[in-house]
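The values are calculated or read from the model by the stated rules, or taken from the named source; none is laboratory data. Predicted model only: the values in this text are computed from it and were never measured. Cβ atoms come from the backbone with ideal geometry, glycine included; neighbour counts cover every protein chain shown.
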Amino acid sequence: MSLSSFPRLPVVLGLAGLLPFIVSSAAAWLAPMVWQVIAIKAFVYYSAVILSFLGGVQWGVAMTGDSPEASSYRTRMLLAMVPSLIAWPALLLHPADTAWVLAAGFVLVRLHELSREGRSMLPSWYQGMRTLLTLVVLVCHGVLIWRLSGH
């Protein structure tokens, strides 16, 4: 499935959402030192926001598609809270640890989205787009973690 087969607006918004990851991870290496510190903070804060947003996607899916009496509804609603509960406390850690925890959060969300229950009620194009976006986000986390490891 190519990007051209996805609905245009979600693709444009998804790709635009990658810009803060890409710019701040690059700035953590290339900017003057004072801006590197700001870029690292901006990266982890934005990452926490986006991870929380992904939980909100599942919350919205549960509210619009599942019957409140269904076990799938309860499961999806509970799991929708996990990204926020990972992201917020991660911000209290050292930035390198924060980046690791947030990266793990993105992997967990993606694994849930790929599961039978997680992918139910999501449009078919969503999976391909989310895989691409998650890969770029994880590469950016790797770039930042590498920078914070002293290289």
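Values for this structure:
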{"quantity": "Lone unmet requirement of (1) closer than 25 Å to R147 by Cα; (2) in a helix (DSSP H, G or I) for G56", "calculated": "(1)"}
{"quantity": "Sole residue being exposed (fewer than 15 other Cβ atoms within 10 Å of the Cβ) and in contact with a Lys or Arg (Cβ under 8 Å, 6 or more places away or on another chain), chosen from E117, E113", "calculated": "E117"}
{"quantity": "Residue count, region 96-151 (criterion: in contact with a Phe, Trp or Tyr (Cβ under 7 Å, 6 or more places away or on another chain) and among the acidic types (D, E))", "calculated": "0"}
{"quantity": "Qualifying positions in region 44-94 - at pLDDT 90 or above and among the hydroxyl-bearing types (S, T, Y)", "calculated": "Y45, Y46, S47, S52, S84"}
{"quantity": "Residues located in region 118-151, provided they are closer than 22 Å to K41 by Cβ and of a type in the set (F, W, Y)", "calculated": "W146"}
{"quantity": "Complete set of residues in region 16-34 that are part of a helix (DSSP H, G or I) and either of a type in the set (G, A, S) or touching a residue at least 24 places away in the same chain (Cβ under 8 Å) (or both)", "calculated": "A16, G17, L18, P20, F21, I22, S24, S25, A26, A27, A28, W29"}
{"quantity": "Candidate set from region 37-63 (those that are in contact (Cβ under 8 Å) with a residue 40 or more places away in the chain and either among the polar types (S, T, N, Q) or surrounded by fewer than 18 Cβ atoms within 10 Å (Cβ to Cβ) (or both)); member that is farthest from T131 (Cα to Cα)", "calculated": "K41"}
{"quantity": "Spans of helices (runs of 4 or more DSSP H) in region 64-151 with at least 2 residues β-branched (V, I, T), under 23 Å from P10 (Cβ atoms) and without any contact (Cβ under 8 Å) to a residue 60 or more places away in the chain", "calculated": "95-114, 124-148"}
